[in-house]
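The values are calculated or read from the model by the stated rules, or taken from the named source; none is laboratory data. All values derive from a computational prediction rather than experimental measurement. Note: ideal-geometry Cβ built from the backbone for every residue, glycine included; neighbour counts use all protein chains shown.
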Amino acid sequence: MKNISRRDFIQTLAIAGITSAVFAPSLVSCQPRKEKLGIALVGLGYYSTDVLAPAFAHTKKCELVGIVTGSPEKAQKWKKQYNIPEKNIYNYQNFDQIANNPAIDVVYVVLPPSMHREFVVRAAKAGKHVFCEKPMAPTVADCEAMIKACADNKVKLTIGYRCQHDPNTQAYMKLGREKTLGKVQMISCAAGYFDGRTTHWKQNKAMGGGAMGDMGVYALQGARLATGEEPILVTAQHFTNRPDIYKEVDETTLFQLQFPSGAIASCQTSFGMNMNYLQVNYEKGWLKMEPFSSYTGNKGLSSQGIIDFPLLSQQAKQMDEDAEAILNNTPLLVTGEEGLRDIRVVEAIYLAAKTGKQVKIG
């Protein structure tokens, strides 16, 4: 072996150090990309318990790894049922510690609307991406604060509009977008069910209750997605058959929309009756979807033929497609701005019903 001087040895070490510094980043970038995102559900009410949690059995891009709840009893039940580690279980007080948990990539906010802003903002500050259930929030100001918090903290925000991930919804959206049947002329749309509860948050104004803000968003989405436009004028009326229960919020709301193209929509929503349909009249044809916004079985018929795309789980498809957008850093199908657009109209509808006057939007 050739003898190496002390000077040569030191120079060799120096070169090796420079080389490792130069190439270390490229070695890091070659690490395997994460295949699944860990999701923590915030709020363990009906939708989380009976719909979202079971949907994870059908997801490929995400998995249930954490929960946030104010109920110690629920925490223990979910821990056993879904094999959730103790370190991934939080309550509303220690929620911010989720920032230190790398197993949780996404926080899914499934709380009463009045709590959405607080927990979306807290999740964003914790550096977690956010899925937020609809309605996005009670007010436009809340929605704007949520969007800003996520943008400031460089995390993605999507709203749980499961129907936009449903190929049956995408089929009628395509008709409005591509104008294959001509322009939309008139829309009739309704979404509602009979709610026999009396003390739920949906009957509580302070918690974001009321038919229009909840089921009404589906009817509004039906009109907006069918036209591919944003409404510019609205009139509205409130009704109730149970004034003893619906003292603070609307039980039934009828609302009428006008769009820039001249299309008009007559929509209704209710906690007092079952209804779920969308009918669209075009210049050269028609469409009827019934149901159009259910968890399963959405289907319809148009003058072009049958619309019936079977789907195992809207929620699984929704979460997988949102997770994939995060994993690939590609645009989300439904952004926070989409939720904001709906709440802007909802605010106008409430103002129109209160004043009895036509309200301009935008």
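Please count how many residues of the range 31-62 are surrounded by 19 or more Cβ atoms within 10 Å (Cβ to Cβ), polar (S, T, N, Q) and in a loop (DSSP other than H, G, I, E, B).
Adding up the residues that qualify gives 1.
Return the only residue of Thr199, Thr252 being surrounded by fewer than 24 Cβ atoms within 10 Å (Cβ to Cβ) and without any contact (Cβ under 8 Å) to a residue 24 or more places away in the chain.
Thr199
Only one of Gly285, Gly305 is assigned by TED's automatic domain parsing to the domain that holds Ile232, in contact (Cβ under 8 Å) with a residue 24 or more places away in the chain and not hydrophobic (A, V, I, L, M, F, W, C). Can you tell me which? Talk me through it step by step, then tell me what you get.
Working: Gly305 fails: in contact (Cβ under 8 Å) with a residue 24 or more places away in the chain.
Step by step, each of Gly285, Gly305 is checked, and only Gly285 is assigned by TED's automatic domain parsing to the domain that holds Ile232, in contact (Cβ under 8 Å) with a residue 24 or more places away in the chain and not hydrophobic (A, V, I, L, M, F, W, C).
Count, please, the residues in the range 255-271 that happen to be part of a strand (DSSP E or B) and either surrounded by 20 or more Cβ atoms within 10 Å (Cβ to Cβ) or outside the structural domain of Thr235 (by TED's automatic domain parsing) (or both).
The first filter runs over the range 255-271 and keeps only residues part of a strand (DSSP E or B), leaving 255-258, 264-270.
From what's left, either surrounded by 20 or more Cβ atoms within 10 Å (Cβ to Cβ) or outside the structural domain of Thr235 (by TED's automatic domain parsing) (or both): 255, 257, 265, 267-270.
The qualifying residues number 7.
Kindly establish whether Ala323 is modelled with pLDDT of 95 or more, aliphatic (A, V, I, L, M) and not assigned by TED's automatic domain parsing to the domain that holds Leu351.
Details: modelled with pLDDT of 95 or more: yes; aliphatic (A, V, I, L, M): yes; not assigned by TED's automatic domain parsing to the domain that holds Leu351: yes.
It is true that Ala323 is modelled with pLDDT of 95 or more, aliphatic (A, V, I, L, M) and not assigned by TED's automatic domain parsing to the domain that holds Leu351.
When you scan the range 126-179, how many residues do you find that are small (Gly, Ala, Ser) and within 24 Å of Ile349 (Cα to Cα)?
Pass one, the range 126-179, residues small (Gly, Ala, Ser): 126-127, 137, 141, 145, 149, 151, 160, 171, 176.
After this cut, where a residue has to be within 24 Å of Ile349 (Cα to Cα) as well, the list is 137, 141, 145, 160, 176.
Selection size over the range 126-179: 5.
I'd like to check something: does the range 318-329 contain any residue that is in a helix (DSSP H, G or I), under 22 Å from the mean Cα position of the chain (by Cα) and closer than 30 Å to Lys284 by Cα? Write out each step before concluding.
First, pick out the residues of the range 318-329 that are in a helix (DSSP H, G or I): 318-328.
Remaining after also requiring under 22 Å from the mean Cα position of the chain (by Cα): 318-328.
In the following step, the residues that additionally are closer than 30 Å to Lys284 by Cα were identified as none.
The answer is no, given that none of the residues of the range 318-329 is in a helix (DSSP H, G or I), under 22 Å from the mean Cα position of the chain (by Cα) and closer than 30 Å to Lys284 by Cα.
Being part of a helix (DSSP H, G or I) and either free of Cβ contacts under 8 Å to residues at least 12 places away in the same chain or under 25 Å from Asp166 (Cα atoms) (or both) narrows it down to one residue among Tyr218, Tyr295; which is it? Spell out how you get there, then give the answer.
Numbers: Tyr295 fails: part of a helix (DSSP H, G or I).
That would be Tyr218, the only listed residue that is part of a helix (DSSP H, G or I) and either free of Cβ contacts under 8 Å to residues at least 12 places away in the same chain or under 25 Å from Asp166 (Cα atoms) (or both).
Inside the range 92-121, can you point out the residues that are surrounded by 14 or more Cβ atoms within 10 Å (Cβ to Cβ) and in a loop (DSSP other than H, G, I, E, B)?
Correct list: Tyr92, Asn101, Ile104, Asp105, Val110, Leu111, Pro112.
Identify all residues within the range 138-154 that are part of a loop (DSSP other than H, G, I, E, B) and closer than 17 Å to Ile326 by Cβ; write none if there are none.
Going residue by residue through the range 138-154, those that are part of a loop (DSSP other than H, G, I, E, B) are 138-139, 153-154.
Passing the criteria: Asn153, Lys154.
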